[in-house]
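Note sheet for the following structure.
What follows draws every value from the coordinates through simple rules; no lab data is involved. All values reported here derive from a predicted model rather than from experimental measurement. Glycine gets a Cβ as well: all are built from the backbone with ideal geometry, and neighbour counts include every protein chain shown.
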Amino acid sequence: MSAPPPAERREAWGFLLVFVFLAAGIALGGLRYFQHRQADARSSAHTELETIADLKIQQIVNWRKERLTDANLILGNPSLALEALNILDQPESARTMQMFTGWLDLLLQGSPFERALLLDDKLNLRLVYPEGASRALTEDARRSAEEALRTQQLVVTDLHGSENGRQVYLDFVVPLVVRRVGTNDNALAAGLDPSRADRSAGVLVLKLNAHDFLFPLVQTWPTASSTAETLLVRREGQEVLYLNELRHQPGTAMNLRRPLSGARLPAAMGLRGEKVLGEGVDYRGVRVVAAVRPVPDTPWVMVAKVDEAELYAPLRREALAVGTVILALLLASALAVTLLWRQHNERFLQAQLAVEREQRATAERAELTLREAEARIRKMLVMAPVPMCHLNRDGMLAFRNERFVQVFGYTVEDVPTLAEWWQLAFPDPQYRQWAIERWDEAVRHAAAGERDIAAVDYKVTCNNGDERMVEISGIMLGEELLVTFIDVTERKLAQETMRKFNGELELRVRQRTAELEASMKELDAFAYSVSHDLRAPLRHVSGFAELLRASAGPRLPDQSRHYLEEITGSATQMGRLIDDLLRFSRMGRTELRQERLELAGLVEESIQQLGSEINGRNILWKKNPLPAVQADPALLRQVLVNLLANAIKYTRPRDPAMIEIGCASGNGQETVIFVRDNGVGFDMQYGDKLFGVFQRLHAEEEFEGTGVGLANVRRIIARHGGRTWAEGKVNEGATFYFSLPSHQP
Amino acid sequence: MTLKRMLLVEDNDRDLELTLAALEEFHLANAVDVARDGVEALDYLYVRGQFADRPPGQPIVVLLDIKMPRLNGREVLRRIKADPQFKHLPVVMFTSSREEPDLAECYLLGVNAYVVKPVDFLQFAAAVKQVGAFWGLLNELPSPPELP
């Protein structure tokens, strides 16, 4: 398993750190708590020890008091003193001995004193009670006896070892004094001045074995404890003397000594008078909790102590237990976390592995596909129907396809680089120069960011000498070029032909236009001529005929006058014809002005223009709503005038004449207008003749007219792109229609 | 000092005769001077050439035909209107041409009236009469500037 990635490792370290901190925290907390508990234990132990010490001390004091009482009782009893005196006086008297012993029995029966020793006033041992007990007497005892004799007071010795060293005694030395003064026993008891010649009979040394009561008292412990003890010490010089048998060391009673200077020895501290705060190091060198109390009326100090170890043992056990549990838990959790993390890691890595494997597989597949695609594309390039080549940055023709070779005939050997291409394909040096410049320019432009090499037509010379027009272009791919060649020879030829053809066409069109313009001009001139030159003679004919009539008219015969009229009439008619013809021809030549016209208004204008014709006539006009149209206003007015004039003319026999103008429903493409009248109508058979020039369907005598009006209408409407037609019935009126294309405004 | 005379510029004999006959009917023939073409018209106005000895004074109206040899009516009109001396002279085109170009150009040149000669003589006569009456009798002219 490979190392976990850095992020994971960091994570692990993080966890570890947290764990460490946690553990430290717990440990610290535990420690403080433990210490606190220790202190508590210590203080409570101390209190307990004090209590025990106090208790024991109280007991010792009581016991001592009792013994003192006992001793004082003996001291106060004169009988014993008397008997003692008797013994002194009659040492061999068995009877006195018996008496004394009897007294001793009485006094000492059941008392804790081990033995009593009677000493005479010379400190000679006279009696031992009980009989047979040891007669040993230490130096201390003797000294005390001496003092008692002297002072005639009770003397209590301190604890001291026996002759053989194995026993420890406390002596109560009672002087036996016979008081001379009175018989007042109370006075004796009061300890009267020995200078009143009292007689000392001796002393009675009451020996108290410490082992009997005192030591057991000291040494017992109220509660079950493995190390606790109380002990008594007293100062001897610069040393601490241990008075009783110590628990932890045998043979120490009155034996063991320690230096008084011991800094932490509770006994020493107590003897020095220092306050013992509780802790210390005892005679064994073991740490203890101690309570030290002086025993009143004695030089003793009692030390109640217990080993710290014992005190703390339960705590330690507890701490250990808890500590172990916590540690175990921490370890367990650490382990669990580690395991989980490991597992997670493993899973992660496995997943990664799987992914990698898959990726590799995909990559391989992709590569395969790519290679196949490459091969396909390469094949396509090679087989492409357009000559192509690939120029790398050294100008080498790195690749050219089959068509290239086919079309130009240059193989790989012929044209390895661009240089050969220029040489072979452009044999003419001047043209080659031009081609190179154009090519370089196009490539420069492409390099500047346009990518496409602009297509330019070049005349390429093939291997077999053919010249072909080729459009060469391509694109830039980084620093390399893909160049395509498109043979445009045919196209160019076609273009040329087209251009020539167009040119010719244009020429022809221009010629025709010129011819047209010329003919138009001729027509203009012609019309001008006609209008002027033709009219003049007409005018003359008319004029002179009139003059003739005016001058000779009255004198002429009717026939001659008639002939004159005919001459004038014809001349006038001719004039009208000329006018109409001129107008008709003008119709074709003027430009068409397309305007939006309101037909209704135009109709009104036309009617007004024909005012003279309408004069005196009874005409009923039916003017329907008319739309607006796109047309030349002047020309369209001409149309309306002509149509209305016709209507007016041909309804002359009618009274009233009914002329209707309206709009017929045409398809959406054109607007159809009609003029209907109730006039003489016409024969539909000849309907198409109506609109012909100079065509008339009525004789001149019936209705004047030149027959140009409708021809004009047709011409004008035709120029607008519309149609003209008519319906009629002989004697039942006629309707003339014209249509105009409706331009969407 | 100034006689009320009209200048008639007409090249055609017949037209001339007819016009004069018409004017005669209204007794205006005596007040008419005739020039046979454009050149003569100008000669008359400038009192030179064959008209050098004509009585002084400017005509109250010039009746001008268009189609004439040498100088045509339009030219005459242009020159008349170009010359400060004659600019004020009323000029009436009296012609058989109703061609739009003629009309337009004459008005552009500042012609005072354009009358087309009717073919019908009666109408012709009426037109002449109206023109003559109007320009000869009715129309007011400013005082002509002094002739050089």
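Here are the numbers:
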read-out: The stretch A:277-303 and the stretch A:212-242: distance between their alpha carbon centers, rounded to Å; value: 9 Å
read-out: Shielding of A:543-553 by partner chains, average beta-carbon count, 10 Å; value: 4
read-out: Global form of chain B, assessed from the alpha-carbon gyration tensor, a/c cut-off 1.5; value: rounded
read-out: Lys, Arg +1 and Asp, Glu -1 on Cβ, resulting dipole of the protein assembly as shown about Cα centre, debye, nearest 20; value: 2500 debye
read-out: In nm, spacing of pseudo-spin labels at A:Asp414 and B:Val47 (7 Å Cα→C-beta vector); value: 10.1 nm
read-out: Amide hydrogen neighbours beyond the local backbone of A:Trp300, cut-off 5 Å, H modeled; value: A:Val295
read-out: Per-residue average of Cβ from other chains inside 10 Å of A:529-535; value: 5
read-out: Set of lysines near A:Lys492 by C-alpha distance (under 22 Å), chain-local residues within fewer than 8 positions excluded; value: A:Lys459, A:Lys500
read-out: Those trypsin sites (Lys or Arg not before Pro) in the stretch A:583-660 that DSSP places in a loop and that have at most 16 other beta carbons within 10 Å; value: A:Arg593, A:Arg617
read-out: Computed magnitude of the charge dipole of chain B (debye, nearest 20; Cβ of K, R +1, Cβ of D, E -1); value: 340 debye
read-out: Backbone HN-Hα couplings from phi across the stretch A:30-36 [Karplus 6.51/-1.76/1.60, Hz, Gly and Pro as x]; value: x, 4, 4, 4, 4, 4, 4
read-out: Length released on extending from A:Arg444 to A:Asn124, taking residue separation times 0.36 nm less the Cα-Cα span; value: 100.0 nm
read-out: GluC sites (Glu not before Pro), loop per DSSP, at most 16 other Cβ atoms within 10 Å - longest free stretch of chain A; value: A:275-412
read-out: FRET efficiency for B:Arg70 and A:Arg512, using Cβ-Cβ distance with R0 set to 56 Å, rounded to 0.05; value: 0.90
read-out: Cα lying deepest toward the dipole's positive end in the stretch A:292-342, options A:Leu311, A:Leu335, A:Val301, charges on Cβ; value: A:Leu335
read-out: Environment charge at A:Lys729 (Cβ cut-off 15 Å; Lys +1, Arg +1, Asp -1, Glu -1); value: -2
read-out: Greater than 26 Å apart at Cα, pairs in A:Lys521/B:Lys81; B:Lys4/B:Lys81; A:Lys689/B:Lys117; B:Lys4/B:Lys87; B:Lys4/B:Lys117; A:Lys521/B:Lys129; value: A:Lys521/B:Lys81; A:Lys689/B:Lys117; A:Lys521/B:Lys129
read-out: Shielding score for A:54-64, defined as the mean number of other chain Cβ atoms within 10 Å; value: 0
read-out: Efficiency of FRET between B:Ala113 and A:Asp688 - r from beta-carbon atoms, R0 41 angstrom, step 0.05; value: 0.35
read-out: Whether the stretch A:369-482 is rounded, prolate or oblate, judged on the alpha carbon gyration tensor where a/c under 1.5 counts as rounded; value: oblate
read-out: Computed E for A:Asn667/A:Glu496 - FRET, C-beta separation, R0 45 angstrom, nearest 0.05; value: 0.40
read-out: Estimated inter-spin distance, A:Ala550 and A:Thr362, nm [label 7 Å along Cα→Cβ]; value: 11.9 nm
read-out: Cα gyration tensor shape of the stretch A:477-519, rounded if a/c is under 1.5, else prolate or oblate by comparing a/b with b/c; value: prolate
read-out: Leading residue at positive end of dipole, chain A (Cβ point charges), from A:Met658, A:Pro250, A:Val286; value: A:Pro250
read-out: Amide H contacts under 5 Å for B:Val91, placed H, 5+ residues apart; value: B:Val62, B:Asn112, B:Ala113
read-out: Approximate spin-label separation A:Gln343-A:Gln559, in nm, with each point projected 7 Å along Cα-to-Cβ; value: 15.4 nm
read-out: Where a label projected 7 Å from the Cα of A:Gln423 along Cα→Cβ would reach, residues of the stretch A:458-494 with amide N under 14 Å; value: none
read-out: Relative contact order (percent, whole number), chain A, Cα cutoff 8 Å, 6+ residue spacing; value: 6 percent
